[in-house]
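A quick write-up on the structure given underneath.
The values are calculated or read from the model by the stated rules, or taken from the named source; none is laboratory data. Being a predicted model, the structure only gives us computed values, none of them experimental. In this analysis, Cβ positions are derived from the backbone assuming ideal geometry, glycine residues included, and neighbour counts consider all displayed protein chains.
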Amino acid sequence: MSIKETYDVIIIGGGPSGMMAAIRAGERGLRVLLLEKNLDVGKKLSLTGGGRCNILNAEEDQRKLLENYGDSAKFLYSPFSKFGMQNSRDFFESRGLAIKVEARKRAFPSSEKATDVIRILKKYVKKNKVQVMTNVKVLGFKTEDGKIVGVKTEDEIYKAKSFVLATGGSSYQKTGSTGEGMHWLKKLGHTIYKANPSIVPLVVDEKWVKDISGTTLSFIKIIFGADRLKSRGRFFKIGKVLFTHFGLSGPTILNSSHQVKEMLKDGPVRTVIDMYPDTEINILRNRVLKIFDQNKNKLLSNTIEKIVPHGMDGAVSSFLSPLLLKTKVHSVSREDRNKITDLLKAMPLTVVGTMGMDWAVISDGGVDLKEIDMKTMRSKIHNNLYFTGDVLHINRPSGGFSLQLCWTTGYIAGDSVSV
């Protein structure tokens with residue numbers, strides 16, 4: 001195994017935080033080598049936001065923005081003060097990428113193409129003379145007398161004065177993000193929290209959910225732990241839900257999964273769906289009664305679709321007896337009519353698990369933040385090692401917060417790395 005020339009800094013990982021670190025280090029005139037295991041950089045980035053790329057969250061109040069990072073917020077004030085949301089937005093807009101802001105302050109490229117974000121990053125990686133090597137499998141760090149001096153690959157050892165680890169976590173494993181960097185860090189003496197899928201679809205027990213796979217409800221209320229007291233974890237979310245062949249997905253579900261996972265430790269989570277969260281039960285009863293009056297000579301089975309959101313008629317019908325479904329509407333009792341209305345406000349289902357790491361949009365786990373100088377992203381154990389993005393043990397919801405973490409930590413690492 002030969003030893004290659006020495007660089008100022010070697011960055012392992014060509015994702016968003018790795019490329020941002022490379023751009024900033026290159027701007028400073030450093031000799032930068034970027035190593036990527038895939039055939040091209042930005043593979044995971046191309047999938048974010050369903051290919052639209054939720055590039056950041058445009059919350060201008062930094063305190064409110066950092067609240068989304070939970071217990072990690074107190075560690076993030078310093079890096080975000082140096083390079084926060086507005087700095088990130090300026091970075092891309094000043095380089096020709098138009099950005100638009102949608103509901104919940106989620107920001108996207110105006111083109112709605114993640115490839116445009118990758119194009120900008122690649123352009124400025126090249127402009128700042130960063131040497132990029134793809135299809136390179138890194139095996140770990142080379143140390144001498146306890147100091148990191150190089151990076152070992154299958155064929156070569158690449159030496160540098162400093163190193164940035166930007167290998168990501170364990171989510172979206174099909175993109176090559178398998179968390180191998182954590183194993184290297186354990187050998188270097190760092191404390192590593194085990195990766196867990198924190199934003200992930202949910203598995204349910206009921207057949208009716210799977211039977212309507214592909215159906216989306218754009219505005220519903222879903223209550224998790226419906227049989228529990230608020231103090232024992234019961235909570236609700238309002239938003240979009242996608243029914244799948246295994247259970248539930250969509251933004252509302254993904255942003256609930258971390259809490260639901262905690263509830264699952266006590267067993268299956270009883271859940272109900274309110275299909276009309278902005279309509280009181282009495283008003284909904286009158287609405288159903290009016291539709292029944294307009295269709296009184298039709299079979300109930302042919303009328304259900306008129307009182308439920310699109311695609312939900314089969315689900316509601318599954319709770320009713322075949323005999324009742326074959327009854328003409330004018331013969332449906334008030335009790336049965338109210339039962340149908342109650343289903344619209346509280347359709348029951350049971351969450352029994354999550355889809356696991358292969359399906360995770362984001363996973364937590366990573367380096368203990370107490371072992372990092374967050375002003376510089378430098379390791380407190382090895383003074384020539386820096387961390388970015390998903391390598392850090394930080395939990396956060398979807399909505400642009402993950403990529404914002406990448407832009408901030410990547411820039412800080414690239415700006416701070418010393419030679």
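Couple of notes before you dig in:
- Filter pass, residue 9 being assigned to a loop (DSSP other than H, G, I, E, B) and touching a Ser or Thr at 6+ places or on another chain (Cβ under 8 Å): no
- In the set (1) within 18 Å of residue 103 (Cβ to Cβ); (2) at pLDDT 90 or above; (3) of a type outside the set (D, E, K, R); (4) outside any loop (DSSP other than H, G, I, E, B), the condition left unmet by residue 277 is number (4).
- Matching entry among 125, 117, 149, 138 (being of a type in the set (Val, Ile, Thr), more than 21 Å from residue 40 (Cβ to Cβ) and either in contact with a strand residue (DSSP E or B) (Cβ under 7 Å, 6 or more places away or on another chain) or in the same structural domain as residue 65 (by TED's automatic domain parsing) (or both)): 149
- The condition of being modelled with pLDDT of 95 or more, among the acidic types (Asp, Glu) and within 42 Å of the chain's Cα centre (by Cα) holds for only one of 358, 342, that being 342.
- Selection of the stretch 215-238 for residues being on the phi > 0 side of the Ramachandran plot and without any contact (Cβ under 8 Å) to a residue 40 or more places away in the chain yields only 233.
- Annotation: of all residues in the stretch 287-297 being more than 11 Å from residue 331 (Cβ to Cβ) and not polar (S, T, N, Q), the one that is farthest from the chain's Cα centre (by Cα) is 293.
For every residue, the table says whether it meets (1) outside any loop (DSSP other than H, G, I, E, B); (2) surrounded by 14 or more Cβ atoms within 10 Å (Cβ to Cβ).
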position: 228; (1), (2): no, yes
position: 237; (1), (2): yes, yes
position: 240; (1), (2): yes, yes
position: 245; (1), (2): no, no
position: 248; (1), (2): yes, yes
position: 252; (1), (2): yes, yes
position: 259; (1), (2): yes, yes
position: 263; (1), (2): yes, yes
position: 266; (1), (2): no, no
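- Being closer than 28 Å to residue 102 by Cβ, in contact (Cβ under 8 Å) with a residue 60 or more places away in the chain and touching a Leu at 6+ places or on another chain (Cβ under 9 Å) is a property that holds for residue 248.
- Summed over the stretch 134-167, the residues that are of a type in the set (A, V, I, L, M) and either loosely packed, with under 14 Cβ neighbours inside 10 Å or without any contact (Cβ under 8 Å) to a residue 40 or more places away in the chain (or both) give a count of 2.
- Among all positions in the stretch 101-120, there is no residue which is under 19 Å from residue 394 (Cα atoms), small (Gly, Ala, Ser) and either touching a Leu at 6+ places or on another chain (Cβ under 9 Å) or outside any helix (DSSP H, G or I) (or both).
- Single residue of the stretch 57-100 satisfying the filter (among the aliphatic types (A, V, I, L, M) and in a helix (DSSP H, G or I)) that is surrounded by the fewest Cβ atoms within 10 Å (Cβ to Cβ): 73
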